[in-house]
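The values are calculated or read from the model by the stated rules, or taken from the named source; none is laboratory data. Just so it is clear, the structure is predicted and the values come from calculations on it, not from any experiment. Virtual Cβ from ideal backbone geometry, glycine too; neighbours counted across all protein chains shown. What goes into the accessible areas is simple: the full protein's heavy atoms, side chains included, and nothing from ligands, DNA or RNA. Shrake-Rupley method; radii C 1.70, N 1.55, O 1.52, S 1.80 Å.
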Amino acid sequence: MEGCPPFLSLSTLNYIFLKKIFICQKRLLEEMATSKSICNRLLQNGFNRTSVGVVQPKAVHCPETASRFFSNESLSRTMGNYEKRFPSLFHPIPGVKLSPCLPDFVEPHPTMITTLPNGLKIASEDSPGPAASIGIYVDCGSVYEKGDSAGATHLLERLAFKSTKNRSRLHVVRDIEATGGNAGATGSREQMAYIYDTLKAYIPEAVELLVDCIRNPLFLDFEVEEQVMNVKREIEEIAAKDPQQFLLESLHVAGYSGALGNPMMASETALQRLDGSVIGEFYFENYTADRIVLAAFGVDHEHLLGIAEPLLYDLMGGLPVSAPKSTYNGGEARFKIDSERTHVALAFEVPGGWHDDKNATALTVLQTLMGGGGSFSAGGPGKGMHSRLYLRVLNKYQQVHSFSAFSSMYNDTGLFGIFLTTGSDFVSKAVDVASAELQAIATPAKVELDRAKNATRSAILMNLESRAIVAEDIGRQILTYGSRKPVEHFLRCLDELNLDDLTVLAQKILSSPLTMGCMGDGDSNFGLFPSVDCVPSFETVKLRFQAAN
C-alpha cells in the first residue's frame, strides 16, 4: 500500500480501519439514545430547563402538537413519509398560538417643548434605542456682526469645546471620550449649533458638558491665536480646495447689502483685529437665554428637563433684538487666481425664505429636478443622473467638468443658481448653456416634476432616520418658527405642489437681479491656460436674462 509504513501489514491496517468504524458507530448509537432521552424528557416536563440541563424554552405552549411531530425514529426510517412526520408549511398548525404581529404603523413620540421663565426653550422627542443626540442651538451668526466683531462667528465655531471656567481643553476632550460620544459645532449666517451624540446612559454628563461649554467659555489668548492661524491657512486654501464654497460666499457679499452681505469667512483684516475680548463681547451680547434652544432626540422629556433646568434656569436673558435687515441688489465678484480651470456661478434671489413654507418646498423640488454634479459619477440613476442638468448638459458636453444647481435659504430670503467648472476655451459656451437652463426652469415637464417630488420625499424621510438630523431639525425649526412643524406638514406641501406653482416660483426667481461670480487664471497665455477673462461680462449675461423676460 502506497504511503504505508513498512512494519505494518495489510491485514493489520484492515483491522485498525474496521475497529475505527465500529467505534464511530457505537458513538453514533449512544448520541441517538441520548437525543431520544432528551426528547422524551422535554415532552414530559414541558421544557423544564433545570431538569434537562440545557438552555430551552420554559414551557411548551402546545404539547400535543409537539408530540405529534417529535419522534424517536431516525430520519432514515421515514424516507418517503415526510408529510406524516413534519407539519405542512401551507396551513396554520392546529393548536399553535402565534404571537401578535407588529402593527403596520407605530405612532411616533410627540415633540415636547418647555419654555423656562428666562425664555430658554428645552425640546425633545423620545425614541427607542440605546443612543441619543443632544444639541444647543443659538439665534446668532454673521448677520449679527457689526464693525469690530466682523469674523467673530467664524472663530466662535472654531473655539467650541475649548477651555471653560470648570474644564481645560484637555479635560473637555477626555470627558467626551469617556462617554464614547462625538461632539462638534457648526456656524452659519443666522444660527449656531453645538451637537453631542452619545449613549442614553450618559445623557446627564453630555448635557452638563454642553451647558458648561456654552455658559462658561474663557476664550484664552493662546487658544484664540491658535485658531486665528488655522483660519488664515483655511482662507488661503479654500479657493483652490473648494471653489464652489468660495464663490458662494462671494455671491452673498456681492448680491446683498446689509446683514447677509457680511462674509461668513473672516477676512485677514478682521483676523488681525479679533482677540479674546472682542469675541467675548460678541458672545455675551448674543448668547442670551431667550435666543437659545436645547434640543434632543432619543430622550424622555421629563428626564431631560430634570437634568437641564437646574443648569440653565438662571442664564440671563437679553434685550429684545430685531432681526437684522438685508436687501438683495445683485452684483458681480470676479477673481484672478492660479487655477487650472475656470469656475462660474450664476444666482438669483428666492423670495420668502424658510418663512414661506410653500416656496421653500417648491425650491427644494426645483433643485432636485435640476440636479447635476460632476462629469464622472460612480453612482447610477439614484445618484441624480436622471436629473435635467445631467441629461441635457453633462451627457452632452464633454468639456464640462461639473455643472450643478445650488441653493442657500435663510429666514426671509435665499439664493438659487447654477455652478459650473470648465476650461477657458469652453467657458463662454458653458455660461450660455447655464443661462438657457435657468430660463428653462419655468417650463418643467410633468414627468420631471413627479420624479423630483418622489426623490424629495425619499430624501426627507430617509434623512429623518438619523438621530442627529432629527435633533437639529427640532432645534432649528424652533429658532425659525417658534415651534416644530411635523414632517406631515411639509409632505402635504409637497403633495399639493403642481406645475403652475413651480412655474410661478421660477418666474419670481428669474425676475430678480442677477448675481454672478467667477474665478480662474488671470493670464490667458495665448489661450493655452484657463482664464477668467474668457468669462462673458456681467452686463452681457444680465442682458440675456432681461431679454428673455
From the C-alpha coordinates alone, can you work out the Kirkwood hydrodynamic radius of segment 97-245, in Å? 18.1
Loop-only GluC sites (Glu not before Pro) in segment 435-518, please: DSSP not H, G, I, E or B, and at most 14 other Cβ atoms within 10 Å. 465
Which distance in nm do the two modelled labels at residue 498 and residue 241 give, with both placed 7 Å along the Cα-to-Cβ direction? 4.9
Among segment 159-202, those whose backbone N falls under 18 Å of a label point 7 Å along Cα→Cβ from residue 233 are 159-160
Between residue 508 and residue 257, 0.36 nm times their residue separation minus their Cα-Cα distance comes to what? 88.4 nm
proj_area_mean for segment 383-536 (convex hull on C-alpha atoms), units nm², value 11.3
May I ask you to list the chymotrypsin sites (Phe, Trp or Tyr not before Pro) in segment 263-343 that are in a DSSP loop and have at most 14 other Cβ atoms within 10 Å of their Cβ? 313
Stretched fully, the stretch from residue 355 through residue 105 gains (0.36 nm per residue minus C-alpha distance, one decimal, in nm) 86.9 nm
Taking R0 as 25 Å, what's the FRET efficiency between residue 442 and residue 186 from their Cβ-Cβ distance, rounded to 0.05? 0.15
Around residue 421, what is the net charge, scoring Lys/Arg as +1 and Asp/Glu as -1 over all other residues with Cβ under 14 Å from its Cβ? -1
With all protein chains present and a 1.4 Å probe, how do 316, 519 order by accessible area, largest first? 316, 519
Roughly speaking, what is the centre-to-centre gap between segment 152-209 and segment 340-375 when only Cα atoms are used, to the nearest Å? 32
Ranked from the most accessible area to the least, with a 1.4 Å probe and all protein chains present, what is the order of 476, 467? 467, 476
Once phi is turned into θ = phi - 60°, what whole-Hz ³J(HN,Hα) does the Karplus curve with 6.51, -1.76 and 1.60 give for every residue of segment 403-417, x standing for Gly and Pro? 7, 8, 7, 9, 8, 9, 10, 10, 4, 10, 7, x, 10, 9, x
Karplus ³J(HN,Hα) for segment 187-196 (6.51 cos²θ - 1.76 cosθ + 1.60, θ = phi - 60°; Hz, whole; x = Gly/Pro) runs x, 9, 6, 10, 9, 10, 9, 10, 10, 9
